[in-house]
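Below is one structure; the comments refer to it alone.
The values are calculated or read from the model by the stated rules, or taken from the named source; none is laboratory data. Owing to the predicted nature of the structure, the values given are computational and were not obtained by experimental measurement. Cβ sites come from the backbone with ideal geometry, for glycine too, and all protein chains shown count toward neighbours. Ligands, DNA and RNA are stripped out before the accessible areas are found, and what is left, the full protein with its side chains, is counted by its heavy atoms. Shrake-Rupley method; radii C 1.70, N 1.55, O 1.52, S 1.80 Å.
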Amino acid sequence: MKEMPQISDSEWKVMNVLWTESPVTANQVMDKVAMDWKPTTVKTLLSRLVKKEAVGFKENNRTYLYYPLINEEEYVKAESKTFLKKVYGGGLKAMLINFLEIERLSDEEINELKRILDKKSD
C-alpha cells in the first residue's frame, strides 16, 4: 500500500467533494464545499493536492477537471491508524473506552457494536 499524503482540514473538505462527485471543475468544488472561499483558495488547495498526488486532473477545452487519486476508504483507515497511534499510543481499548464515556449511544448503536465485536472474536 502506498504511503498516504498528509491532508489538511481544508484539503479534506475538497477531497470530500471529489470522493462524492468527480471529475469536477474548481468552480464546482467551490460551490459544493459551502464555504466562503475565493476561487484562488480552491485553486491553491487543488494545486497542493495535485502536488501531493492525492488528486489528478485532465484538461478539457481549457477547463481542468479534477478527480481523486486516493481511495476514500483506504485514506480514512490510514488516518484512523495515525490518530490511534498519536493520541492513544496505538491502544484501541483506551480509545474505545474514552469515546464510550463521552458519547451517548442508542440501543441500535450498542447492538451494532456487539455484532462487530462478536464477529471479531470468531
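Before moving on, here are some points about what is shown:
- Neighbours by Cβ (under 9 Å, 6+ apart or cross-chain): first from region 67-85, among the hydrophobic types (A, V, I, L, M, F, W, C); second open to solvent by 80 Å² or more (accessible area, probe 1.4 Å) and not in a helix (DSSP H, G or I): LEU69/GLU53; ILE70/LYS2; ILE70/GLU53; ALA78/MET1; ALA78/GLU3
- Hey, VAL29 in contact (Cβ under 8 Å) with a residue 40 or more places away in the chain, under 16 Å from TYR67 (Cβ atoms), of a type in the set (A, V, I, L, M, F, W, C) and in contact with a strand residue (DSSP E or B) (Cβ under 9 Å, 6 or more places away or on another chain) or not: no
- Set side by side, the residues LYS86, LYS32 differ, and just one is under 19 Å from SER8 (Cβ atoms), charged (D, E, K, R) and loosely packed, with under 11 Cβ neighbours inside 10 Å, which is LYS86.
- Residue check, TRP37 hydrophobic (A, V, I, L, M, F, W, C), closer than 20 Å to GLU79 by Cβ and either part of a helix (DSSP H, G or I) or over 14 Å from the mean Cα position of the chain (by Cα) (or both): no
- Residue within region 50-65 that is without any contact (Cβ under 8 Å) to a residue 24 or more places away in the chain and hydroxyl-bearing (Ser, Thr, Tyr) present: no
- Subset of region 1-26 (residues that are of a type in the set (Val, Ile, Thr) and either in contact (Cβ under 8 Å) with a residue 60 or more places away in the chain or part of a loop (DSSP other than H, G, I, E, B) (or both)): ILE7, THR25
- Of all residues in region 64-83, exactly one satisfies the criterion of being assigned to a loop (DSSP other than H, G, I, E, B) and open to solvent by 80 Å² or more (accessible area, probe 1.4 Å), namely LEU69.
Rundown of residues vs (1) surrounded by fewer than 12 Cβ atoms within 10 Å (Cβ to Cβ); (2) in contact with a strand residue (DSSP E or B) (Cβ under 7 Å, 6 or more places away or on another chain); (3) at pLDDT 90 or above, yes/no style:
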{"position": "MET1", "(1), (2), (3)": "yes, no, no"}
{"position": "MET4", "(1), (2), (3)": "no, no, no"}
{"position": "VAL42", "(1), (2), (3)": "no, no, yes"}
{"position": "LYS58", "(1), (2), (3)": "yes, yes, yes"}
{"position": "ASN61", "(1), (2), (3)": "yes, no, no"}
{"position": "SER106", "(1), (2), (3)": "yes, no, yes"}
